[in-house]
Amino acid sequence: MADVNRGNRPLSPHLQIYRKQITAVLSILHRLTGIGLTLGAVLLVWWLTAAATGADYFAVVDGLLTSWLGLLVLTGSLWALWFHALNGLRHLVWDTGRGFDLTTVTRSGWAVVGGSVVLTLLTMIVM
Amino acid sequence: MDYKTDRNRVQGLGSAHHGAGHWWAQRISSVALVPLTLLFLFPFAHALGQTHADVRAIYGNLWNALVAVLFLAVGFWHLAQGLQVVIEDYVPQKATRTALLLLNSLLCGALAVAGILAVAKMAFGV
């Protein structure tokens, strides 16, 4: 319970001690990429409304998004999108009851990580 | 598909105040987003960095506009569902949690409408 006062007593360390596992890391990464994509979504709507508004305003927004910082943010968003999508598929497979054995979980996990990087690069090359 | 019993339906929620409806709705939006994201991403990635006139032409195409509208609608619905779970998990104080959940629904809705309106404006050539 986050609202309980525990006094000044020390807590048993967990995140600093326990070995990071692919299951837990990808799980929180799925949540973090989902939250991070909020920024991507806002930028997308901003860009679309600018395009629909007029050439002057569009030039400002497009200029920002295609600046080096803007491109950095967009690349990060692209990776987040691919990761979240691939891991999302992994979740949907789990929803059918399949793939819960440790070998499959580990392999599918690494496939999602590798696949997200590859697909990000591919999309950047194709676009 | 309603996973509620008769009594749950009358009461409005299950005993955990949380039914399976949200779980299933998340699956619906997730599955829909698989093709929608792919179909949206490639015209968008191509349009990014083009001239204003070219961008308007790309979203003037009815097919691109349709995909964009669907992607925005389902995407923001999915975003709202996801953020709802995050808020429910990490905010224990009821007043703050309620306010944030309300804000979440309203902002995602507003952003979706803004994006769809922008695409529609370009699709109709106005």
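The numbers here are math on the coordinates, done by the rules we state, and not lab data. Computed from a prediction, not measured in an experiment: that's the story for all the values here. Note: ideal-geometry Cβ built from the backbone for every residue, glycine included; neighbour counts use all protein chains shown.
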Just one of (1) surrounded by 12 or more Cβ atoms within 10 Å (Cβ to Cβ); (2) among the polar types (S, T, N, Q); (3) over 15 Å from the mean Cα position of the chain (by Cα) trips up residue A:67, so point out which.
(1)
Quickly run through segment A:96-109 and pick out the residues that are over 15 Å from the mean Cα position of the chain (by Cα) and surrounded by 12 or more Cβ atoms within 10 Å (Cβ to Cβ).
A:99, A:104, A:105, A:106, A:107, A:108
Selection count, segment A:21-58, where residues are small (Gly, Ala, Ser), farther than 18 Å from residue B:82 by Cα and at the interface with another protein chain (Cβ under 7 Å from one of its Cβ atoms):
3
Within segment B:76-126, track down each residue that is in contact with a Lys or Arg (Cβ under 6 Å, 6 or more places away or on another chain) and closer than 15 Å to residue A:39 by Cα.
none
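With respect to residue B:54, determine if the residue is of a type in the set (Asp, Glu), under 29 Å from residue A:52 (Cα atoms) and part of a helix (DSSP H, G or I). Steps first, please.
Values: of a type in the set (Asp, Glu): yes; under 29 Å from residue A:52 (Cα atoms): yes; part of a helix (DSSP H, G or I): yes.
Answer is yes for this residue.
Only residues that are among the β-branched types (Val, Ile, Thr), over 25 Å from residue A:51 (Cα atoms) and assigned to a helix (DSSP H, G or I): list them for segment B:60-96, please. Even if it seems obvious, please write down each step before you answer.
Going through segment B:60-96, the residues among the β-branched types (Val, Ile, Thr) turn out to be B:67, B:69, B:74, B:85-87, B:91, B:96.
Okay, now just the ones that are also over 25 Å from residue A:51 (Cα atoms), so B:85-87, B:91, B:96.
Selection gives B:85, B:86, B:87, B:96.
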From B:126, B:119, B:34, grab the single residue that is free of Cβ contacts under 8 Å to residues at least 60 places away in the same chain and closer than 19 Å to residue A:40 by Cα.
B:34
All positions within segment B:54-108 that are more than 22 Å from residue B:23 (Cβ to Cβ), aliphatic (A, V, I, L, M) and surrounded by fewer than 13 Cβ atoms within 10 Å (Cβ to Cβ)
B:62, B:95, B:103, B:106
Meets criteria (among the hydroxyl-bearing types (Ser, Thr, Tyr) and in contact (Cβ under 8 Å) with a residue 60 or more places away in the chain) for residue A:75:
no
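If we only count helices (runs of 4 or more DSSP H) wholly inside segment A:1-97, which ones have 1 or more residues that are of a type in the set (S, T, N, Q)?
On the way: elements: A:22-53, A:55-65, A:68-95.
Correct list: A:22-53, A:68-95.
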